[in-house]
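Down below is the structure, laid out as structure tokens.
The values are calculated or read from the model by the stated rules, or taken from the named source; none is laboratory data. Values in this document were obtained by computation on a predicted structure and should not be read as measured data. Here the Cβ positions follow ideal geometry from the backbone for every residue, glycine too, while neighbour counts run over all protein chains shown. Just so you know, the surface numbers come from the protein's heavy atoms only, side chains and all, with ligands and any DNA or RNA stripped out. Shrake-Rupley method; radii C 1.70, N 1.55, O 1.52, S 1.80 Å.
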Amino acid sequence: MVAHVLRLRLALLIGALNARPAVVARRLIAFGVLAVAVAAVCVAFVRLDRVPADEAATLAVVGGAALIAGFLLIPLFAGADDPLDPRRFVTTGAEPRTVAWTVAAASPLGVPGVVVLAIAVAMAVAATGHGAPVWQAVLSAVLLVATTVLASRCAMAVSAVALRDRRSPQLTGLMVTAAGVVVIPVAAFAFSLEWSGGLPSPLTEAAQVLAITPFGAAPAIAVRAGGALVASLLVAVGTIVLLALAWYLLVQLMMTRTERPVPVRERRGLGWFAVMPGLPGGAVAARSIVYWFGDARYLANVIVVPIASILIVTPLLIVGVPLQTVALIPPPILALFLGWLIHNDLAYDSTGVWLHISAGVRGVADRIGRLVPILMIGIPLLALMITGSIWLHGRWAVLPALVGVCISLFAAGLGLGSIASVAAPYAVSRPGEGPFEQPQRTGGGVTQAVVLFGAIVFSAPSLWWGWLSLSGDEDAAWTSFWSGIGVGVGVLVVGIAVGGALFERRTGRIMEFAETL
């Protein structure tokens, strides 16, 4: 079967030239441009034997990691048809296991596969030029090709199963935003480096971290030795095993599941309801997103919070506090208030909360669904704010500490807010009223204070270690990072569980509160 699929693959490549002259010309031009670009990259890698070994190793790891990341992410954004879609083999009666390994084996025989093979060979040649054993360079190239092929296969399968029929302007915007969250900080990091006099030390440190991650482990095998080589080898092999398992499960799902055909026009007409999963939490999330982006009361909070986080530190600049120090303050303030925003979300949603109760939506589904809009808004805002703050501060070594502090404040606020919005909601302006109009009744000050100061208290460990990292202690920066993630995620999970239980127990009181608004 492998030989048959390989012949089909060759037939598809030849068939690409069997089209109208204008189409063939465009395709040949595109292939020519791609060939020139790949040739330039390969020559650049081969000529790494003329630079110091440590710099060549850094460039090889970073370049290989970028290649793997591209093969994982580009299929999700491109949405192109897969000529080797496993569902095409259903009529042959072949087993999913046979189809999975056959398609994976035939994948390198194509334009993307040839690109990976060429770059992998160039990297192997460069590694041997610096004295690496041939077996080590060949093993690195083989694992690099296997990782990229399996990553692209999994990405295309996910795109075909979960994204193809759901593609819409909403999903495209969401994916572009997610890409920006990754690309913008990386670009800012690259532009902030001092490139004169060799490679910057932060780039070398980043390469050392990438070498023990699924993205950089395979290319790092050719340029490492001793215990570092063993660590990269274990990560690379483990990554391939996990990707192979995921690919097999995806193929089995694609070949055994019968999907209900839904017209694309019908899906796109549903907006966010077509993008979110068809689960209770997904429906709550879609409706909450529509409210957040269409209600002036929500939009006012989204606009005011980032501006306020910057204006708060203005007096510090006026009294002479250095900009490098002040630059680190706005991101934690923004994270704190973004997490605090949902502490009274049920009151803002008084006209629609009865839908959840009458439909029997579980409390956990309601709590999770209501967090989706603020996560969609908060994560990109925090990514931009953190990147700008570190760029102004000038020391990227404190980045882990700042990220950990922001995650802890943001997630802890969301967890406490998920409880407070159910346990103690208070009156707000009604739908359609101005965002700054005040209701007749008062109250809610205690709830606001508990959520706000509670998030600070839970984030105290991360804040303390972050403060120590400012004195140059890099270990404290990473301690702040991991403690912030651990505490923040823990408070968030507990908050969702407790808030969900309270939602189910207090449905009567929630309905009474909604009717009085």
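Here's the yes/no breakdown for (1) modelled with pLDDT of 85 or more; (2) open to solvent by 60 Å² or more (accessible area, probe 1.4 Å); (3) within 18 Å of VAL46 (Cβ to Cβ); (4) assigned to a helix (DSSP H, G or I):
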position: VAL149; (1), (2), (3), (4): yes, no, no, yes
position: SER152; (1), (2), (3), (4): yes, no, no, yes
position: ARG166; (1), (2), (3), (4): no, no, no, no
position: ALA179; (1), (2), (3), (4): no, no, no, yes
Exercise. Which helices (runs of 4 or more DSSP H) does segment 328-432 wholly contain that include 1 or more residues that are among the small types (Gly, Ala, Ser) and within 18 Å of GLY508 (Cα to Cα)?
Worked result: 345-348, 353-358, 363-393, 399-423
Seminar exercise, completed: By residue number, the members of segment 254-290 that are open to solvent by less than 70 Å² (accessible area, probe 1.4 Å), farther than 19 Å from GLY363 by Cα and either modelled with pLDDT of 75 or more or in contact with a Lys or Arg (Cβ under 7 Å, 6 or more places away or on another chain) (or both) are MET254, MET255, ARG267, ALA274, VAL275
Exercise. If we scan segment 79-90, do we find a residue that is under 27 Å from LEU249 (Cβ atoms) and buried (at least 23 other Cβ atoms within 10 Å of the Cβ)?
Worked result: yes
Seminar exercise, completed: Of the conditions (1) open to solvent by 60 Å² or more (accessible area, probe 1.4 Å); (2) closer than 30 Å to VAL353 by Cα; (3) not β-branched (Val, Ile, Thr), the single one that GLY454 does not satisfy is (1)
Seminar exercise, completed: Subset of segment 287-331, residues closer than 15 Å to MET376 by Cβ and of a type in the set (Gly, Ala, Ser), comes to SER288, GLY294
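Suppose we filter GLY113, GLY93 for residues that are buried (at least 16 other Cβ atoms within 10 Å of the Cβ) and not aliphatic (A, V, I, L, M); which single one remains? So that I can check it myself, show each step before the final result.
Values: GLY93 fails: buried (at least 16 other Cβ atoms within 10 Å of the Cβ).
Checking each option against the conditions leaves just GLY113.
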Seminar exercise, completed: Exactly one of MET385, MET376 is within 18 Å of VAL290 (Cα to Cα), in contact (Cβ under 8 Å) with a residue 60 or more places away in the chain and open to solvent by 30 Å² or more (accessible area, probe 1.4 Å), and that residue is MET376
Seminar exercise, completed: Listed by first then second residue, the pairs whose first member lies in segment 112-126 and is free of Cβ contacts under 8 Å to residues at least 24 places away in the same chain, whose partner is surrounded by fewer than 17 Cβ atoms within 10 Å (Cβ to Cβ) and among the polar types (S, T, N, Q), with beta carbons under 7 Å and at least 6 positions apart or on separate chains, are none
